[in-house]
Amino acid sequence: MKGFLRADGRKGIRNIVLVTYLVECAHHVARAIVNDSASDNVQLVGFPGCYPNDYSLKIMEGLCTHPNVAGVLIVSLGCEGFNREQLSNTVKVSGRAVETLVIQQSGGTKKTIAAGLERVNELLVTAQQTEIVPMHMNELVVGTICGGSDGTSGIGANPAVGHCFDRLIEQDAICIFEETGELIGCEQIMAERAITPELGEEIMQSVEKAEQYYTQMGYGSFAPGNAEGGLSTQEEKSMGAYAKSGSSKIHGLIKPGDIPSQGGLYLMDVVPDGDPLYGFPNIVDSAEIVEMIASGSHLILFTTGRGSVVGSAISPVIKVCANPETYENLSDDMDINAGKVINGEATVEQVGDEIYQLVSQVAEGKQSKSEELGHQEFVLTYKKFQPIGPSCLPTVR
Amino acid sequence: MIDNRFVLLNKKDNVFVCCKQILAGESTNLEEVDVAMTVDITVGHKIARKAISKGEKIIKYGVSIGSAIKGISFGEHVHMHNIKSDYIASHTRQSRTEEEL
C-alpha cells in the first residue's frame, strides 16, 4: 500500500484539492470553480450559515487538513461570520497549500471564478508533486455508518463489517463507529467492552444523552423506510447497527473532529451537548460521514438494506448491501453483496473478508462504486459540543 | 428445522426473520409446526416463533427489542402494530405513532 505523504506526517489514500465555501452566498462561485476545473480531484465542501460556530470551524479544520487533502481554496463572500483567518492558518500550519478568495474583494462572481480556477490549477500542480511513500494498515483510519437500514442489515452487512473491523484492528488500524442515538438499547453491552470502567461509564452517559435528546426532538433515529424494511423499534435497529462494531474492545469515546492517535476501536458521540439547540443531531447520513472524515477516516464502510446511493467528498465510501433484493435492484451502486449471507450463499466471515480485501484495494487507489459514479455528497450544519471528558481516551491498552 | 424462507438468529429469540418473501395464505413449517401466513411477509420482517402475550419482551439477536402491546399468536407478523420500543417511539411516513414520547 502507498500513501501521499503530507508535511505534517500524515498519509492519505487520495490526493485532493478542496474548494470550500464559508457561507451559502459563496456556494455558487465555489461550485463553478470546481465544475470548471473538470477534475475528479477537485472537490467541493462548504458551510451554509452566516453565524459563527465552533463545531463547524473544528470540522472544517479537520477536513481541510485531512490526509487525503493536498491543498485548499477557501471561498468567502466577505461579510459572513466564519473565521476564515483561523481556517486558513490551520491549513497553513499543517504544511498544506492554501489560498483564500474573498468575493467582495475580488470583483464579484465572474472575476472570482476566473481567479479561483487559476488558483485551483496551481494547487493541482503542487498536489502532483506530493511524495508517495509506503503506507501500512496501522496508518489507516476507517469509519462505518449504516443508512437505509432494514431487517436484513443486522444479519448480513453489519456483522460482516464488524468482522472486517476486527481484522483491521488486529493490524492496529483505527476504526470508528458512531451514532449513539442508533445505539440506544446497546449501552450496557458496549460499556462492558470498554477498556476501562470509567470509559464504560462515559459510554453509558453518551447513550443516555442521546436518548434524552431524541426524546425531546420527538423522533428517534428511525426513518419510515426502516419500518417498511421490517424494523419495528429503535432498539431493534440499534442491535443491528451495533454489529458493525465487531468484537474488539472499545478504546475510546470521541466527538466529531477528534482524531484518535492509537490503533483500536472508537465510538463517536455525535449527539450535541446541552439542551437541543439547532435541531436533530445529524439531519442525514452524509452529516455523519463528514464527521467521521473530519476525525481522519480515509474511507467509509456504508451498510444499507433499503439501498442508499450516497458517497462523499474527500474519502471514498464503500457500499455493503445486506438485502439481496436491493442488491439486485441497485447493483451499479453497491460494492459488496452481503445479501449472500441471508441467501445462505456465504458466511458473515466470508463477506467480512471480502470487505477487508476491498478496503485494501480502495486504499491502494481502486475507485469505489460511489466514487466512480461521481457521488460527493456533503452536509455540515450547526452543532454544539463540550470537549470529551478525561476518561474518554484512556492511554492503557 | 425451519423453512429456509426464515432464519432464527439466536436460540433465545421468540421471532423468526424472513429471508425470502412469503405471501398471505402460503404455509410454512416452523420447528415441526405448520402455520399459514395471514399477511404477506417480506424480507427483513419478523413473525412470532411462539404465542407471545401482551407486555412480554420481543427477543431478537438474543436480546430484547421491545414489548408486545397485544397478544401475538404463533406465526403472526410481529411489527409496529403489535410491539413497541421500551425506549423511544418509532414513526412512520404518515405521522408519529400515538405512543407517549
### Task
Taking amide H positions as placed in the peptide plane 1.01 Å from N, state which residues far from A:ILE254 in sequence (5 or more) or on other chains have amide H under 5 Å from it.
A:LEU267, A:MET268, A:ASP269
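For n ≥ 4 DSSP H runs only, could you compute -39500 (n - 2.57) per run for chain A, divide by its residues and tell me the 222 nm figure to the nearest 500?
On the way: 14 runs with 147 residues, N = 397.
So the helix-based figure for chain A works out to -11000 deg cm²/dmol.
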### Summary
Heavy-atom accessible area per residue of the stretch A:138-255, all protein chains kept, 1.4 Å probe, expressed in Å², is 26
### Message
Can you give me the solvent accessible area of A:THR215 with a 1.4 Å probe, rounded to the nearest 10 Å²?
### Response
50
#### Entry: For residues of A:151-158, the mean tally of beta carbons on other chains within 10 Å
4
### Task
Rank A:SER391, A:ALA160, A:SER295 by how far each Cα sits towards the positive end of the charge dipole of chain A (+1 on Lys, Arg Cβ; -1 on Asp, Glu Cβ) and give me just the farthest.
A:SER295
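With every protein chain kept in place and ligands, DNA and RNA left out, what is the accessible area per residue of the stretch A:274-397? Probe 1.4 Å, answer in Å².
The answer is 40 Å² per residue.
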### Task
Can you tell me the relative contact order of chain A? Whole percent, Cα pairs under 8 Å, sequence separation 6 or more.
21
### Task
Take each complete run of DSSP H in chain A, measure how far its Cα atoms stretch along the helix's own axis, and keep only those covering 27 Å or more with mean Kyte-Doolittle hydropathy at least -0.5; list them.
A:109-128
## Note on the structure
Everything considered on the Cα gyration tensor (a ≥ b ≥ c; rounded for a/c under 1.5, else prolate if a/b is larger than b/c, else oblate), chain A must be described as prolate
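Quick one: grab the alpha carbon gyration tensor of the stretch A:31-98, order the square roots of its eigenvalues as a ≥ b ≥ c, and give me rounded if a/c is under 1.5, else prolate or oblate depending on whether a/b is larger than b/c.
Oblate.
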### Query
Ballpark to the nearest 100 Å², how much total accessible area do A and B bury together, probe 1.4 Å?
2600
### Query
Dipole of chain A (Lys/Arg Cβ +1, Asp/Glu Cβ -1, origin at the Cα centre): which of A:GLY12, A:GLY307, A:LEU117 lies farthest to the positive side?
A:LEU117
### Task
Indicate the residues belonging to the stretch A:230-261 that lose 30 Å² or more of solvent-accessible heavy-atom surface (probe 1.4 Å) upon moving from the chain alone to the assembly of all protein chains, ignoring ligands and nucleic acids.
A:GLY230, A:SER232, A:THR233, A:GLU235, A:GLU236, A:MET239
### Task
Run the accessible area of the protein assembly as shown with a 1.4 Å probe and give the carbon-and-sulfur part as a rounded percent.
49
### Query
So what's the gap between the Cα centers of the stretch A:355-382 and the stretch A:94-142, to the nearest angstrom?
20
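Put A:ASP332, A:ASP150, B:ASP40 in order of accessible area, largest first, 1.4 Å probe: what do you get? The partial results should precede the final answer.
Values: A:ASP332 115, A:ASP150 5, B:ASP40 90 Å².
Reading off the accessible areas and sorting them downward yields A:ASP332, B:ASP40, A:ASP150.
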### Task
In a Gaussian network model over chain A where Cα atoms closer than 10 Å are linked, find which of A:ILE184, A:ILE355, A:ILE283 has the largest mean-square fluctuation.
A:ILE283
### Task
Using per-residue counts of other Cβ atoms within 10 Å, averaged over each peptide, order A:323-331, A:17-25 from highest down.
A:17-25, A:323-331
### Query
Which of A:LEU22, A:THR180, A:ILE145 sits farthest toward the positive end of the charge dipole of the protein assembly as shown, with +1 on the Cβ of Lys and Arg and -1 on the Cβ of Asp and Glu?
A:LEU22
### Task
Select from the stretch B:6-45 all residues whose loss of accessible area on going from the chain by itself to the full protein assembly reaches 30 Å² or more (probe 1.4 Å).
B:CYS19, B:VAL43, B:GLY44, B:HIS45
### Task
Could you order peptides A:3-16, A:151-164 by the average number of other Cβ atoms within 10 Å of their residues, highest first?
A:151-164, A:3-16
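Quick check: from the Cα gyration tensor, does the stretch A:137-230 come out rounded (a/c under 1.5), prolate or oblate?
Working: a/c = 2.25, a/b = 1.21, b/c = 1.86.
Oblate is the answer for the stretch A:137-230, as a/c is 1.5 or above yet b/c matches or exceeds a/b.
In terms of solvent-accessible area of protein heavy atoms at a 1.4 angstrom probe, what is the ranking of A:ASP40, B:ASP13, highest value first? Numbers along the way, then the final one.
On the way: A:ASP40 110, B:ASP13 5 Å².
Ranked list, largest accessible area first: A:ASP40, B:ASP13.
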### Charge tally in the Cβ shell below 14 Å around A:PRO67, where Lys, Arg are +1 and Asp, Glu are -1, A:PRO67 excluded
+2
### Task
Filter the cross-link list A:LYS244/B:LYS20; A:LYS2/A:LYS366; A:LYS92/A:LYS383; A:LYS58/A:LYS366; A:LYS249/B:LYS60; A:LYS209/A:LYS384 down to pairs whose alpha-carbon distance in this structure exceeds 18 Å.
A:LYS244/B:LYS20; A:LYS92/A:LYS383; A:LYS58/A:LYS366; A:LYS249/B:LYS60
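Within the stretch A:96-200, list the GluC sites (Glu not before Pro) lying in a DSSP loop whose Cβ has at most 10 other Cβ atoms in a 10 Å radius. Don't skip to the answer; put the middle values down first.
On the way: sites: A:GLU99, A:GLU118, A:GLU122, A:GLU131, A:GLU139, A:GLU170, A:GLU178, A:GLU179, A:GLU182, A:GLU187, A:GLU192, A:GLU198; in loops: A:GLU131, A:GLU179.
Sites meeting the loop and neighbour criteria: A:GLU131.
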### Query
Non-local amide H neighbours of B:LEU30 (under 5 Å, H modeled in plane, Pro and chain starts lacking H): which ones?
B:VAL35
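The values are calculated or read from the model by the stated rules, or taken from the named source; none is laboratory data. None of these values were measured; they are calculated from a predicted model. Please note: Cβ atoms are built from the backbone with ideal geometry, for glycine as well, and neighbour counts cover all protein chains shown. The protein model used for the area step is the full one, side chains on, heavy atoms only, and it has no ligands, DNA or RNA in it. Shrake-Rupley method; radii C 1.70, N 1.55, O 1.52, S 1.80 Å.
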